[in-house]
Amino acid sequence: MGLFGRKKEPGGPAEAIAGFWAWWADARPKVETLLDAGDREALAAEVGPAVAALSPELTWDITPGRAALHVLIVSSGGDPELRPLAHRWALAAPPTDALWEFLPSRPARADAAALTLEVAGREFALGELVLGLRVPNGATRIDIAAFHPLFPDLGDETRMEAVLLALDWLLGEDEVARWVGDITAATFQPIDAVAAVHLPAVVADLASEFEQEQWALLEGQTGDGARLIAAARHPLRPVDHPLLDQHIAITLPYAESDEDGLPDGGSAAALREFEERLAALLDRLGDAALLVVHVSAQGSRVLHVYADPAAEVPAQVDKLVSTWQEGRPDLAIAEDPGWIAISPFLS
């Protein structure tokens with residue numbers, strides 16, 4: 001069996017999050033005073049270091065809210081490695097009150113079409129943004145070519161920054177991560193372009209095709225050229241499960257295989273029974289763990305589970321794994337917030 005990971009190091013994320021909220025309890029009156037005064041420079045000097053203490057790569061903003069007057073957003077900026085930290089920060093936040101709510105990602109703006117931002121010293125009106133939209137056959141994401149009348153006069157990086165912010169306003173940061181594929185900031189208007197404000201409706205139509213749980217069956221080859229079969233949840237995206245950043249790999253050798261090394265006979269039945277028992281265990285854990293992929297090749301099956309470390313899932317899974325009778329099983333645990341271990345199966 002693999003080791004069950006390490007004890008949390010002093011100064012880790014939990015301590016940093018607790019430190020932030022201790023700072024907030026003292027700093028909130030000053031932050032509110034700076035907001036009332038409209039002093040954005042002083043506000044950045046006050047809030048920025050506190051967010052950077054969580055992680056220098058996190059982004060933050062304070063915007064008008066719906067449930068409260070102000071929203072403090074501390075976001076991963078689309079980086080899947082940082083998303084669990086942002087969500088745990090938000091879960092530890094004080095309750096929303098009349099003045100403040102706290103979000104781990106940028107939400108969509110209902111008034112997006114009327115918004116204007118400054119880009120390279122010029123006004124970027126989102127209402128003038130148009131999009132060329134394409135969903136490749138069988139794809140789960142929309143490829144976007146964005147054009148704005150300002151774009152021919154802007155550099156590549158500036159254009160892309162403007163598009164990414166506009167998409168966050170239109171859809172919300174998490175919906176962009178779920179449903180948007182390749183993004184191009186074009187210097188000419190795409191054929192059949194539509195006003196950007198129609199993007200949420202197009203995304204909602206695509207999302208409706210995946211409301212029910214689906215699995216994709218896949219075939220391929222190992223690095224040695226052996227036949228491989230796999231089953232993966234579809235679509236499969238870490239953004240849907242931001243707290244499941246602990247990777248649990250269960251390797252089960254099987255005794256009976258066909259000429260390609262794939263499970264056969266009694267072993268195929270035993271693997272099905274094991275997976276049913278594993279599914280029942282994970283169901284009892286609710287949202288704390290999820291079986292996402294299993295791969296069979298060369299006489300063994302690897303089942304990939306992602307879990308919330310706080311739920312202490314490995315110890316529970318280990319009891320089930322120890323009942324496997326066909327060869328010696330293995331249980332390996334690793335931190336993997338970006339789901340890198342299963343990146344070929346992400347969709």
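Quick note: the coordinates plus some simple rules give every number you see, no bench work behind them. The model shown is predicted, which means the values in this text are computed figures rather than measured ones. Here Cβ is always computed from backbone atoms with ideal geometry, including for glycine, and neighbour counts include all displayed protein chains.
Numerical summary
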{"read-out": "Simple label model, 7 Å out from Cα along Cβ direction - ALA114 to GLU211, nm", "value": "3.1"}
{"read-out": "Additional length obtainable on full extension of the chain from GLU123 to GLN325, 0.36 nm per residue less Cα span", "value": "66.0 nm"}
{"read-out": "From phi via Karplus (6.51, -1.76, 1.60), per-residue ³J(HN,Hα) for the stretch 81-87 in Hz, x at Gly/Pro", "value": "5, 9, 4, x, 4, 4, 5"}
{"read-out": "10 Å Cβ shell holding at most 10 others, DSSP loop, GluC sites (Glu not before Pro): longest site-free stretch of the chain", "value": "1-210"}
{"read-out": "Extent along principal axes [Cα atoms of the stretch 1-138; Å; largest to smallest]", "value": "55, 52, 29"}
{"read-out": "Tensor-based shape of the stretch 131-216 (alpha-carbon gyration tensor, a/c under 1.5 rounded, otherwise prolate or oblate)", "value": "prolate"}
{"read-out": "Helix 156-171 vs. the chain, principal-axis angle (Cα, 0 to 90°, nearest 10)", "value": "80"}
{"read-out": "When the stretch 26-93 is reduced to its Cα atoms, the Kirkwood hydrodynamic radius in Å", "value": "12.8"}
{"read-out": "FRET efficiency for ARG28 and ALA201, using Cβ-Cβ distance with R0 set to 30 Å, rounded to 0.05", "value": "0.20"}
{"read-out": "Of (1) 44, 40, 19; (2) 37, 21, 19; (3) 42, 28, 15, the label for semi-axes √(5λ) of the Cα gyration tensor in Å derived from the coordinates", "value": "(3)"}
{"read-out": "Expected 222 nm ellipticity per residue - DSSP helices of 4 or more, -39500 (n - 2.57), all of the chain, to 500", "value": "-10000 deg cm²/dmol"}
{"read-out": "Gain upon complete extension [LEU218, ASN137; 0.36 nm per residue less C-alpha separation]", "value": "27.5 nm"}
{"read-out": "Where a label projected 7 Å from the Cα of ARG66 along Cα→Cβ would reach, residues of the stretch 91-105 with amide N under 20 Å", "value": "91, 95-105"}
{"read-out": "Stretch in the chain that is longest and holds no trypsin sites (Lys or Arg not before Pro) that DSSP places in a loop and that have at most 14 other beta carbons within 10 Å", "value": "67-347"}
{"read-out": "Karplus-derived 3J(HN,Hα), 6.51/-1.76/1.60, for each residue of the stretch 237-250, Hz, glycine and proline x", "value": "9, x, 4, 6, 9, x, 8, 8, 10, 9, 8, 10, 9, 9"}
{"read-out": "Angle between the chain longest axis and helix 265-284 axis [Cα atoms, degrees, rounded to 10]", "value": "40"}
